[in-house]
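Let me begin by handing over the structure; questions about it come next.
The values are calculated or read from the model by the stated rules, or taken from the named source; none is laboratory data. Since the structure is predicted, the reported quantities are computational estimates derived from the model, not experimental observations. Cβ placement follows ideal geometry from the backbone for every residue including glycine, while neighbour counts extend to all protein chains displayed. To get the accessible areas, we keep the full protein, side chains included, count just its heavy atoms, and leave off ligands, DNA and RNA. Shrake-Rupley method; radii C 1.70, N 1.55, O 1.52, S 1.80 Å.
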Amino acid sequence: MDAIWTVTWAAIYHQVVKSIPYCYPSLPLGNDNIRLLRLIPNKNEAAIIKCELFNYSLERGKGTHLYEALSYVWGNPNEIVPIFIDDHILSVTTNLHAALLRLRDRDIARTVWVDAVCINQENEREKEQQIQLMAKIYGQANRVVVWLGEAADNSDQALEEIRVTGSKKATNSSTNETIQPAVLALFQRPWFRRIWVLQEVAAARHVLIMCGPTEIDGYAFCLGVDSLKGFHEAPADLQSLIRSVIYLIRGALFRPSYVMGRSGSPLGELVDMYHTHKATRRHDKVYALLGMSSDDLRKASLLPNYGVPWKELLERLAKFLLSEKISVETWGDKEIAEIKSKGCIFGKVSSVLKDTALDDIQAVDVIFKNIAGLPEYMGTQRWTLRPSAKSIQDGDLICLLQGASKPAIIRLCNDHFAIIMIAATPPENIRMKEGYIEWPKLLELVKTFTRDFLLVWDWENSPGKLQDLEEYETLIRTNDWPSEHSKAAREGHLDKATRTWNVALILGDLGYEEAEER
């Protein structure tokens, strides 16, 4: 094998020397034009990768198109390998190169869509335009191939264990001292943490998972993970990451061949669920979710534009999810926003139901407080919510900010509140003493927002890690933050006594004894 690679790299070297870099021609005019990659077959598994790029329109009929879309992690940008497009050189990462070697057939050309090759990465305008097509590209592909990387840490045994467990043929092999660490190592691969993969598998209608030479059908993978004993012993944050991806892969089997109009979930729900996933550029923590959203984003100023500073994008997102009436302050490249708004308390979470059989939802019991001008509520009510990146706890509060269409779930952190869910989707009908009332009609009855809320929306730290607002101020100040900005921010902040007083008033609305102490 070493001799084969020596010959291969020698061949690559000589071809690189005499080749010139590939130059992308412009895509034809039209909103649905993409490029597809044709992998030229080769019986020598270690031969140089040669391929062709050609233009393609997604408007050519409806339903499935005869190409595969690759879902993968780019890998180290400094570790690159050349491939050849029409005898011109294009550098790709070693992880992508390994995936293309596995995808290449011995005898038949294979047509795939790969973002790093099919999009001109040097053209920001093209990237922004193509990003808006991502859901369509993956949704209309014949199959989405998930590349987890080359075989390592007994990954072949881990995938076989998952396959066998899903077919209900397994006994107690998942407790094997070799298998269990292998399964956990597989789940800790970077692919599961990358935010772009969510949209890719959320749009897919057939998923194939590859790790080195081993392959497993996506739905079989989900069945196996659901039944795997070792998975439930994994750290909670890892379980949350895997479940979010499993939920999306499992749904591929039931997606229609062609979707008319908008489908998916509200953007706020997606942000609550997935903001802890990783992205090379912070902007992608927003842009990667747009194709999964059921919201109309055309007037939201959230469409992909990498020229918009991150702090401004985060401000736009907060106002879109809550209300234009809120005051938002963000800092540089921090994934933290300070939000001030008038609002009112609807109630509190009395209990969180743990049901591992329903990993794609979480149920909470909510005790509502009676609000002046509204019909009287009827006892405790159960809300069914999608799992959030930050776990809901007993005692969390349900608040409605002025102008918001959905309530937020917040948690007390000394002199402010941390946002747990910025846009919780309530039941369609709320049970009142005199019958049910639809949520939109209930919103219309809320006329008074008497309390001043100071909220911190933090994607970087767990709730309660930083208790006082002063700790946030210390965290967000950097050496390149202008001193006058710092001074203005300090002067603009409510002093601690006032913040504590406002918190006491809010808690007093719920009858907390702590309010009197404050």
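Please calculate the 1.4 Å probe accessible area of Ser405, with all protein chains present, and give it to the nearest 10 Å².
Answer for Ser405: close to 70 Å² accessible.
Highest mean first, how do 247-255, 118-126 rank when packing is the count of other Cβ atoms within 10 Å averaged over residues?
Working: 247-255: 17.6, 118-126: 14.8.
Ranked from most to least packed, the peptides come out as 247-255, 118-126.
Rolling a 1.4 Å sphere over the protein heavy atoms, what is the accessible area per residue of the range 292-411, to the nearest Å²? Write down the numbers at each step before the final one.
Values: 5010 Å² over 120 residues.
The answer is 42 Å² per residue.
I've got another one for you. Report in % the part of the accessible area of the range 264-418 that belongs to carbon and sulfur, leaving out ligands and nucleic acids; probe 1.4 Å.
The value for the range 264-418 is 47 percent carbon and sulfur by accessible area.
How charged is the neighbourhood of Asn120? Take every other residue with its Cβ under 9 Å from the Cβ of Asn120, and add Lys/Arg as +1 and Asp/Glu as -1.
Net local charge, Asn120 excluded: 0.
Rounded to the nearest percent, how much of the accessible area of the range 51-205 (1.4 Å probe, protein heavy atoms only) is carbon and sulfur?
Values: 3050 of 6590 Å².
C and S atoms contribute 46 percent here.
In addition: Round to the nearest 10 and report in Å² the accessible area of Lys43, as given by a 1.4 Å probe over the protein chains' heavy atoms.
Approximately 120 Å² of Lys43 is accessible to the 1.4 Å probe.
For the peptides 406-417, 21-32, what is the packing order when you average, over each peptide's residues, the other Cβ atoms within 10 Å and list the highest mean first?
Sorting 406-417, 21-32 by mean packing, highest first, produces 406-417, 21-32.
How much accessible area per residue does the range 155-254 have, counting only protein heavy atoms and a probe of 1.4 Å, in square angstrom?
That works out to 40 Å² for each residue.
Beta carbons within 10 angstrom, averaged per residue: use that to sort the peptides 97-104, 157-164, highest first.
Going from most to least packed, we get 157-164, 97-104.
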